[in-house]
Structures are given as structure tokens and as C-alpha cells.
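Student: The structure that follows is given in the form of C-alpha cells.
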Amino acid sequence: MRRGQRSSVRPRPRATAGARAGARAGLRVPSTGALAACATLLLAAAGAGARAEIPLVQYDGWRLSTDGRVNSFLSVAEGQGLPAGQPEYPGGAAGTADIATSTGDLHSSRIRNGFLMSILGFTGQKEVSPDFKVTTRVALWMNITGSRTKNNIGQVDPRELYGKIEGRWGSLLGGSHLSLFGRGGILVDADIAHDYGLGYPCAIKDASGGACGMAGFGAPFPGFDPGFVYATPNLGGLQVSAGIYDPAVIENANLSRAPLPRVEGEVKFDLKQSLRLFVSGFWQVLEGTPAGGNVNLHVNAWGAQAGGMVTFGPIMLGGAGFEGAGFAPINYLEEGVLAADSNGVLRDAKGGFGLAAVVIDALRLKIAGGAGVWHLDKTKSDPPEPTRTMVSNPALIKQNLGITVGLYQTTGPVHFALEYFRAEHTWYDRGVAELSNPAIVDIVTPKQVVNFVNVGMTIAW
């Protein structure tokens, strides 16, 4: 999963290997032979198997390396179209939208990017002194498709674009990077299941951006947002991060003013790669004059997430839960009709997910699966529940339930994936007057179930 042009900002969750790595070993190359050496290194790495990064050149204390991936997936959808009377919102905010048959069935296929898009990243580092290091990161995230228009040109998004300075005092990052709130949960999703897979496709009509994984089903996607982030030194596995970000507005709810930056924070604890715990949160002020609300309304969007992951032997377990105000299924502070009602009151949302995997080293195979749920509460201004004598049609999504199962096999630098994902969307009850007696109202619970089969491969370096 959009804020503004979020169609190309859907879950690109996990930071690449280059973004996650610490100090990198540089390869000293004479400047006159740099281009030839780069080509040689790229070819050598292609035959040597998957690597976290490829060192390119070292000059004047700077070390330059590259990392990335290219992927493609076939995603086939079979199920039901949107229920009758349920509008199609831009960005697939409610339900799974596509062109259904005359009987309301959905049969669809796309060839698209996976959970992460195809990425080409470059990282530069320089140790100015033993206590002061500088890092720059530029990573282009690329689509292989978008709409169904033939010869459609894929988008290129510089999603990771930042500089960072580090010392004994910690680190300060400025630029666009994976935001703090929701980061812990989406990385658990990537590490256990969907890093080299797809999960929920986010949308079918427009397949721009990465897929969703478990985002939309209990894992809010953090986004790659511009900001400044300070992180403390790692103290025995404990690290605290705090950041201010470019604030978002919700134009559809006429909450179009954001006087202060958004504040996000995270506390995480890692124990020798066997245990990971995290807590994160965000807060932002929104102001505006909604069509049916108060003049100069002032509201507070907020969210909190907690979770963890444990690895013992071949078993991996993890998950996270969240609660907050100002959410759509995929993103928080979503530019859409779900985050707030017509009076500008932010709707409350909650949810969570759990995943498990077993790794069979002899086959270089991982079997992963789990489930997640996202729930939206109505506000006092939303239409009430219908009764047998009163028609009420809120047309408001109530819950998403997702179930995922996947096989992931690694052969050198190639990662193959075969997945099944079941997306079940449920709306609040609607009232429909009987044709023979309009005074009697039938109460229906709109629901949509779509089954996805995803198969594809990722080549990473």
C-alpha cells in the first residue's frame, strides 16, 4: 500500500542489505581502472552467489558499494468482486477492486513486482576519524509495471535517499528512509515470510510499487518519508530512535493543515539475532474545516505498535499488534475516506499479525505462514447500524482478515517463491428494504473473499 502519490510507495518495507549494513570493507582500486574493476566485480559476484553487497571502489577514504535486487511475479486472483453498493476507493483502501464479471466474480492476473520492488542501491562511507563516520545512501526502487496499459513505462522512485553521521554519541540521519512507526512489524514480516515473496498484492488495477505482504492485515506500512532521525548508540542490544518527519494531511477529510512535523519513535532490543523486541509510536497534529465539522478543527493522529521475533534452531516466530487514530488498512495518515469521517473526526483502528516459519537447510527451503487482522471502528457521526425497520448504509469497511502460506527456496543468488494468500474483507452491516414490503428491512453483511496464488523469483546481490 497512499499518501498523495502512494501508488508507488506501497510496501517496500525492508531496508536493503546495503542500508542495514554497518562498516563495509572497501576494495582499493586505482582510479584509472575503476570502471573496469566495477564491471569485473559485478560479473564475479553474479557467479559467486548471493552477497549482501558488492564493493566497487575506494578513493580518498571513501568506500563505495552497491546492492540490490531484480524480481518479477505472476499473481493470479480468484474470488468475488466488491459487494453491491460498496464504492471503489482510489488506492484499494477498502476491499480488493478489479473488473468483475456480470455475476460478480473476479478472475485476474498481473505480472508485477514483489513485496519489495526491484532495487539498485549505492552506499558511500567515509571514516573521517575513529569517532566520526559519514554515510550516504541512494537507492532507486523500480517498477516493472503499473496500470494494464500496454507499453506502460515503470516508475523509478529514489525511496532511500539520505545522509547519516555517526559517532560515540549515536547517529543522526537526514533524508528519506523507512519511518520509525511500524518499522519493527514490517521487518518481522519481511524476515519471516515475504522478503522474497509478495503476500497481499495491495492492488490489481494499478500494480505500481511493491506488494503489501501483511500490510493491510494488521501491519501498518511505515513508508519512506523525509525526516531527521537520531538514534542512540547500541547498548547491549538496546537502541532508542526518535525522529521528526514531513507531516501528512488528509485532504479528503479537509484536514489540510499540518502546523508541526510528525513525531515518531522506536525502542528496540536485539539479542544475538535470536530475540528481537520493539515498541514504536507516532503523533501528529492535523487542522482544517471539514464540510460537516467545526471551523478550524484541531485533531491528533497517533499510533502505537509493539511486537517481537524469536529464532531458535530452524524455527522462526514473530508478530506485532497496533492501535491508533487516523489509519486506513495499509497506511497511517492515509489520503482517503477511511482515516476520518465527514466531520473530521479520526477513526480508531487496531489489529495485529503473527507469522511462523521453519527453515530446512538441506534444501535451502523456508516454509512460512500466518494470519493477520485489521479492524476499523466507526465514529459517533457515522451512520448507525441498520434495524429491521430502518435502512442504514454506512458503506464502511469493518475488518480485513488475511491468511498467508508460502514456500521460499534459495539457489545461489536466486530466490524462488510460491505463495497462497487469502484476503477476506468485511463491511459494516447494511440495510436493504424488501421490494414487496419496503417497511421491512433486510440486514446484510457485505463480504468479499479473494484468493491469490503468487509465483516468482528474485535475483539479489
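The values are calculated or read from the model by the stated rules, or taken from the named source; none is laboratory data. Remember, it's a predicted structure, so these values are computed and weren't measured experimentally. Glycine gets a Cβ as well: all are built from the backbone with ideal geometry, and neighbour counts include every protein chain shown.
Student: Say whether the condition of being under 25 Å from PHE282 (Cα atoms), surrounded by 20 or more Cβ atoms within 10 Å (Cβ to Cβ), in contact with a strand residue (DSSP E or B) (Cβ under 6 Å, 6 or more places away or on another chain) and at pLDDT 95 or above is met by at least one residue in region 126-139. Steps first, answer last, please.
Tutor: Taking region 126-139 as the starting set, the residues that turn out to be under 25 Å from PHE282 (Cα atoms) are 137.
This time we only want the ones that are surrounded by 20 or more Cβ atoms within 10 Å (Cβ to Cβ), so: 137.
From the residues that got through so far, the ones that are in contact with a strand residue (DSSP E or B) (Cβ under 6 Å, 6 or more places away or on another chain) too are 137.
Then keep just the ones that are at pLDDT 95 or above; that gives 137.
Yes: one or more hits.
Student: Kindly establish whether GLY209 is touching a helix residue (DSSP H, G or I) at 6+ places or on another chain (Cβ under 6 Å) and closer than 30 Å to THR379 by Cα.
Tutor: Answer is no for this residue.
Student: Sticking with this one: Of the residues ILE165, ILE119, only one is over 21 Å from ALA242 (Cβ atoms), modelled with pLDDT of 95 or more and aliphatic (A, V, I, L, M); which?
Tutor: ILE119
Student: Additional query: Pull up region 244-273, narrow it to residues that are small (Gly, Ala, Ser) and within 19 Å of the chain's Cα centre (by Cα), then point me to the one that is farthest from LEU338 (Cα to Cα).
Tutor: Once the filter is applied, the top-ranked residue is GLY265.
Student: Could I ask something else about it? Write out, first by first residue and then by second, each pair whose Cβ atoms fall under 7 Å of each other, whose residues are 6+ apart or on separate chains, and whose first residue, in region 292-321, is at pLDDT below 95 while the second is assigned to a strand (DSSP E or B) and surrounded by fewer than 18 Cβ atoms within 10 Å (Cβ to Cβ).
Tutor: The qualifying pairs are ASN296/GLU287; LEU297/GLU287; HIS298/VAL285; HIS298/GLU287.
Student: Now for a different question. Please name all residue pairs, on different chains or six or more residues apart, with Cβ atoms under 9 Å, provided the first residue is in region 415-431 and is farther than 30 Å from MET390 by Cα and the second residue is of a type in the set (Lys, Arg).
Tutor: HIS415/ARG69
Student: Follow-up. Quick one: how many residues across region 194-240 are on the phi > 0 side of the Ramachandran plot and part of a loop (DSSP other than H, G, I, E, B)?
Tutor: So the answer is 7.
Student: Moving on to the next point. Tell me, which strands (runs of 3 or more DSSP E) wholly within region 396-461 include 3 or more residues that are at pLDDT 95 or above?
Tutor: Answer list for region 396-461: 397-411, 414-427, 447-460.
Student: Out of the residues in region 222-243 meeting the condition of being of a type in the set (Gly, Ala, Ser) and within 24 Å of the chain's Cα centre (by Cα), tell me which one is farthest from PHE327 (Cα to Cα).
Tutor: Looking at the filtered set, the residue picked out is ALA231.
Student: Across region 303-322, what is the number of residues that are assigned to a strand (DSSP E or B) and surrounded by fewer than 17 Cβ atoms within 10 Å (Cβ to Cβ)?
Tutor: Residues meeting the conditions: 5.
Student: All but one of (1) of a type in the set (Val, Ile, Thr); (2) part of a loop (DSSP other than H, G, I, E, B); (3) closer than 29 Å to GLY402 by Cα hold for ILE153, so report the exception by its number.
Tutor: For ILE153, the exception is condition (3).
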